[in-house]
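Engineer: Submitted below is the structure of interest, expressed as structure tokens.
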Amino acid sequence: MDFAFPVLSSLIVFPLLAVVVLFFVRSDSLARKLTFVVSLVEVVLALPLTAYRFNADFQFVERVAWVPQWGLDYHLAVDGISILMIWLTLFTLPLCVLCSWSGIAKRVKEFHICLLIMTSACIGVFAAMDLVLFYVFWEAMLIPMYLLIAVWGGDQRRYASIKFFLYTLTGSTLLLVAIVAFRIAGGTFSIPDLMHQSFGFRFQCLCFLAMALAFAIKVPMFPFHTWLPAAHVQAPAAGSVILAAILLKMGTYGFLRFCLPLTPAASEYFAPMMIAISVASILYGGAVALGQTDIKKLVAYSSVGHMGFVTLGIFLFNQRGVQGALFQMLNHGVVTGGLFMMIGTVYERSHSRDIAKNLGLGKYMPAFMFFWGLFALASFGFPATNGFVGEILVFVGAFNHSMLVGFLLVPGALLATAYMFRVSLKMAWGQPSSAKTWRDLCLREWVMLAGPAVMVFYIGLAPAVFFQMITPSVDKLLADYDSRRVAVEMDQVPAAPAPSVANVKN
């Protein structure tokens, strides 16, 4: 799509300009208000993206020579897959500002600077069409996220932040190796150009393993998930929202943007392994979440299970599975982000995340429990909520792929229902240990929870607009995957020997 105004660049640069302004702000209150205004202006700047034409092509393309000697371009674009993630990022930023309004009391300006840098880097990841540019943005989000945990986190924030940093850095190193390999083999860093090239099977397998491990750590998939509970529990509420809503999606986005298009034959070869790990993530995440006594740790482990549905849908290689994966990426960001904001809200009152110390809230905080109940229902895929749309699509894709895989998902869905009902019933009607005088939601908290609540119903009851957005890109992704996978398989078949002269004469 030809558009005179550089929409994607403005979404990346504007938060960075706001960071420069924040350096000169002295008032904590002004820093909060300025960041919130910036988050709303970001949404306004993104309004041209609503003119996105629902076809399979990349839109809003910006391409300028960056380092011509190395073949690097500043290349941005969106399709039906990435635009969904960009809107999720823009939706998340104002919520992060609101949920940390009273919870962050020290180094307030620096905290909001980290939020803005994170936003810029995340949009860059989802819009980058050059491998090096993608890697720059991928790495740029590491430092502010580390600081959010290390500076504003809980008592064990140092352990959690270092663990997060080391895990992510390991994955990033492997990703860099794959990027260099594609440049040597393909002669370009351009992602669209590499999508039109075919690589040998062995090369694909090596690159797939390097990229898949990097993305599996980011998702995170079992057994690379151990950094996530610690990071979630120790991070401030806004940090947990960013982790759940955006950072985890970078891993699944990487599978869709790189593994399937660039290494199709290897993706098919390793698909049984990826499906098995995804099912293990679903069952393990649900089982461990069921035994938690810390509300935040429960929701953190639930993310392992929910993201297992996403990776499973991707490696089913059918339309319903990939559509369900994309819906689950969006839904998990909305619902789990909402749950983490609510955990932060109740923590400000009880100063505890223990289930036993947050009982009987239905009597004292009915509005709070209304939103919690709504997000809990959406979390385990109750009909008419957004969670149902994504989960049923993955189920359909799984049964189309294999009856065994489909039946293995059933215990995962039951576990999700069990752990969400368990914590919700105790929080709503449990017997409190002492008399509570906690106030219910204030206006700010109503506003921050109303947005995700509306999205729960909107996606759940009217998903057609999202189907229109993602289906052309999904169909093109799968069609290109099939054609290039078959081409590689044919290249592996040895050519028939030419008939000898003696045979011809005979």
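Engineer: In the range 11-41, what count of residues is obtained for those that are farther than 26 Å from Lys106 by Cα and either modelled with pLDDT under 90 or surrounded by 16 or more Cβ atoms within 10 Å (Cβ to Cβ) (or both)?
Structural biologist: 2
Engineer: Under 6 Å between Cβ atoms, at least 6 apart or on separate chains: pull out the pairs that start in the range 211-240 with a residue that is in contact (Cβ under 8 Å) with a residue 12 or more places away in the chain and under 27 Å from Ile104 (Cα atoms) and end on any residue that is among the acidic types (Asp, Glu) and surrounded by 24 or more Cβ atoms within 10 Å (Cβ to Cβ).
Structural biologist: Once the first residue is in contact (Cβ under 8 Å) with a residue 12 or more places away in the chain and under 27 Å from Ile104 (Cα atoms) and sits in the range 211-240, no partner that is among the acidic types (Asp, Glu) and surrounded by 24 or more Cβ atoms within 10 Å (Cβ to Cβ) comes close enough.
Engineer: Among the residues of the range 363-372, are any in a helix (DSSP H, G or I), in contact with a Pro (Cβ under 9 Å, 6 or more places away or on another chain) and basic (Lys, Arg)?
Structural biologist: Yes, because at least one residue in the range 363-372 is in a helix (DSSP H, G or I), in contact with a Pro (Cβ under 9 Å, 6 or more places away or on another chain) and basic (Lys, Arg).
Engineer: Checking Cys99 against (1) over 19 Å from Leu16 (Cα atoms); (2) surrounded by fewer than 23 Cβ atoms within 10 Å (Cβ to Cβ); (3) among the hydrophobic types (A, V, I, L, M, F, W, C), only one condition comes out false. Which one?
Structural biologist: Of everything listed in (1) over 19 Å from Leu16 (Cα atoms); (2) surrounded by fewer than 23 Cβ atoms within 10 Å (Cβ to Cβ); (3) among the hydrophobic types (A, V, I, L, M, F, W, C), Cys99 misses just condition (2).
Engineer: Does Met307 satisfy the condition of being under 12 Å from the mean Cα position of the chain (by Cα) and surrounded by fewer than 24 Cβ atoms within 10 Å (Cβ to Cβ)?
Structural biologist: No; evaluated as a whole, the condition is false for this residue.
Engineer: Pairs only if they're at least six apart or on different chains, beta carbon under 7 angstrom, first in the range 165-187 and within 18 Å of Leu133 (Cβ to Cβ), second surrounded by fewer than 16 Cβ atoms within 10 Å (Cβ to Cβ); list them, first residue then second.
Structural biologist: Gly186/Gln197
Engineer: Among the helices (runs of 4 or more DSSP H) confined wholly to the range 72-163, which include 1 or more residues that are over 21 Å from the mean Cα position of the chain (by Cα) and small (Gly, Ala, Ser)?
Structural biologist: Those helices (runs of 4 or more DSSP H) span 142-152.
Engineer: Given the structure, is Ala276 buried (at least 24 other Cβ atoms within 10 Å of the Cβ), aliphatic (A, V, I, L, M) and either in a helix (DSSP H, G or I) or under 20 Å from the mean Cα position of the chain (by Cα) (or both)?
Structural biologist: For Ala276, the condition - buried (at least 24 other Cβ atoms within 10 Å of the Cβ), aliphatic (A, V, I, L, M) and either in a helix (DSSP H, G or I) or under 20 Å from the mean Cα position of the chain (by Cα) (or both) - is not met.
Engineer: Can you name the residue in the range 279-298 that is free of Cβ contacts under 8 Å to residues at least 60 places away in the same chain and part of a helix (DSSP H, G or I) and is also nearest to Ala238 (Cα to Cα) among such residues?
Structural biologist: Out of the qualifying residues, it is Val288.
Every residue, every condition in (1) farther than 21 Å from Gly254 by Cβ; (2) touching a residue at least 40 places away in the same chain (Cβ under 8 Å); (3) not small (Gly, Ala, Ser), yes or no:
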position: Asn55; (1), (2), (3): yes, yes, yes
position: Val64; (1), (2), (3): yes, no, yes
position: Gly80; (1), (2), (3): no, yes, no
position: Ile86; (1), (2), (3): no, yes, yes
position: Ile104; (1), (2), (3): yes, yes, yes
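Engineer: Given the criterion outside any loop (DSSP other than H, G, I, E, B), modelled with pLDDT under 90 and under 20 Å from Ala237 (Cβ atoms), identify the matching residue among Tyr301, Tyr347.
Structural biologist: Exactly one residue qualifies, and that residue is Tyr347.
Engineer: Closer than 28 Å to Leu194 by Cβ, of a type in the set (S, T, N, Q) and in a helix (DSSP H, G or I) - does that describe any residue in the range 2-10?
Structural biologist: Taking every residue of the range 2-10 in turn, at least one turns out to be closer than 28 Å to Leu194 by Cβ, of a type in the set (S, T, N, Q) and in a helix (DSSP H, G or I).
Engineer: Look at Asn318 and say whether it is surrounded by fewer than 24 Cβ atoms within 10 Å (Cβ to Cβ), in contact with a helix residue (DSSP H, G or I) (Cβ under 6 Å, 6 or more places away or on another chain), modelled with pLDDT of 90 or more and not aromatic (Phe, Trp, Tyr).
Structural biologist: yes
Per-residue answers, yes or no, for (1) in a loop (DSSP other than H, G, I, E, B); (2) modelled with pLDDT of 90 or more:
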position	(1), (2)
Pro411	no, yes
Leu415	no, yes
Glu445	no, yes
Pro452	no, yes
Ala487	no, no
Ala498	yes, no
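Engineer: Among the helices (runs of 4 or more DSSP H) contained in the range 171-247, which hold 3 or more residues that are buried (at least 24 other Cβ atoms within 10 Å of the Cβ)?
Structural biologist: Filter on the range 171-247 gives 201-218, 227-234, 237-242.
Engineer: Yes or no: Leu441 surrounded by 15 or more Cβ atoms within 10 Å (Cβ to Cβ), closer than 26 Å to Ile343 by Cα and in contact (Cβ under 8 Å) with a residue 12 or more places away in the chain?
Structural biologist: Judged against the criteria, Leu441 is a match.
Engineer: Let me ask something additional. Specify which of the listed residues (Phe457, Phe421, Phe399) is under 30 Å from Pro272 (Cβ atoms), modelled with pLDDT of 85 or more and within 32 Å of the chain's Cα centre (by Cα).
Structural biologist: Phe399
The values are calculated or read from the model by the stated rules, or taken from the named source; none is laboratory data. Since this is a predicted model, take the numbers as computed values, not measurements. Cβ coordinates were reconstructed from backbone atoms using ideal geometry, including for glycine residues, and neighbour counts include every protein chain displayed.
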